[in-house]
1. Restrict the check to segment 28-35 and report whether at least one residue is under 18 Å from the mean Cα position of the chain (by Cα), within 23 Å of residue 101 (Cα to Cα) and exposed (fewer than 15 other Cβ atoms within 10 Å of the Cβ).
2. Which of the residues that make up segment 53-87 are within 16 Å of residue 28 (Cα to Cα), part of a helix (DSSP H, G or I) and in contact (Cβ under 8 Å) with a residue 40 or more places away in the chain?
3. Identify the residue in segment 41-52 that is under 16 Å from the mean Cα position of the chain (by Cα) and part of a helix (DSSP H, G or I) and, among all such residues, is surrounded by the most Cβ atoms within 10 Å (Cβ to Cβ).
4. Would you say residue 59 is surrounded by fewer than 16 Cβ atoms within 10 Å (Cβ to Cβ), closer than 19 Å to residue 5 by Cα and within 16 Å of the chain's Cα centre (by Cα)?
5. Within the group 79, 66, which residue is out of contact with any helix residue (DSSP H, G or I) (no Cβ under 6 Å at 6 or more places or on another chain) and modelled with pLDDT of 95 or more?
6. Spot the failing condition for residue 10; the list is (1) at pLDDT 90 or above; (2) surrounded by fewer than 14 Cβ atoms within 10 Å (Cβ to Cβ); (3) within 28 Å of residue 117 (Cβ to Cβ), and only one is missed.
7. Please work out which one of (1) on the phi < 0 side of the Ramachandran plot; (2) out of contact with any helix residue (DSSP H, G or I) (no Cβ under 6 Å at 6 or more places or on another chain) is the condition residue 98 fails and give its number.
């Protein structure tokens, strides 16, 4: 779902460009920036999940990504939208970083392949 969140606004680039009075190319940077953040943010979350556990990381990231998504919805400027989109990407990336670890902890070795495939 994390990459869907990044790509979910692509059909709205024209409307976003009109609302913020920017070019469609500049509006497309909203997705590009989010994809860049999704690339490096798991490097932050993986060690934190080892230190504090997966559950607190899941709860924190879910709560803060929801708050940042609301921020995206009420953004009044292009800069605010960009900042909120980058924060959303940062807080949704634990799914990329620790999702497979959750599958490994929940299922027996004989079941892991099947459930890892479902998660993937």
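The values are calculated or read from the model by the stated rules, or taken from the named source; none is laboratory data. Just so it is clear, the structure is predicted and the values come from calculations on it, not from any experiment. Because the Cβ atoms are built from the backbone with ideal geometry, glycine has one as well, and the counts that use them run over all protein chains shown.
1. To start, the set of residues in segment 28-35 that are under 18 Å from the mean Cα position of the chain (by Cα) comprises 28-35.
Pick out the ones that are also within 23 Å of residue 101 (Cα to Cα) and you get 35.
If we keep only those that are exposed (fewer than 15 other Cβ atoms within 10 Å of the Cβ) too, we end up with 35.
Yes, some residue in segment 28-35 is under 18 Å from the mean Cα position of the chain (by Cα), within 23 Å of residue 101 (Cα to Cα) and exposed (fewer than 15 other Cβ atoms within 10 Å of the Cβ).
2. 78, 81, 82, 85, 86
3. Initially, segment 41-52 is screened for residues under 16 Å from the mean Cα position of the chain (by Cα), giving 41-46.
Applying the additional criterion that residues be part of a helix (DSSP H, G or I) yields 42-46.
Details: 42: 18, 43: 10, 44: 13, 45: 22, 46: 17.
Among those that are under 16 Å from the mean Cα position of the chain (by Cα) and part of a helix (DSSP H, G or I), it is 45.
4. On the way: surrounded by fewer than 16 Cβ atoms within 10 Å (Cβ to Cβ): yes; closer than 19 Å to residue 5 by Cα: yes; within 16 Å of the chain's Cα centre (by Cα): yes.
So residue 59 passes the test.
5. Working: 66 fails: modelled with pLDDT of 95 or more.
Answer to the selection: 79.
6. Residue 10 satisfies every listed condition except (1).
7. So residue 98 meets the others, but not (2).
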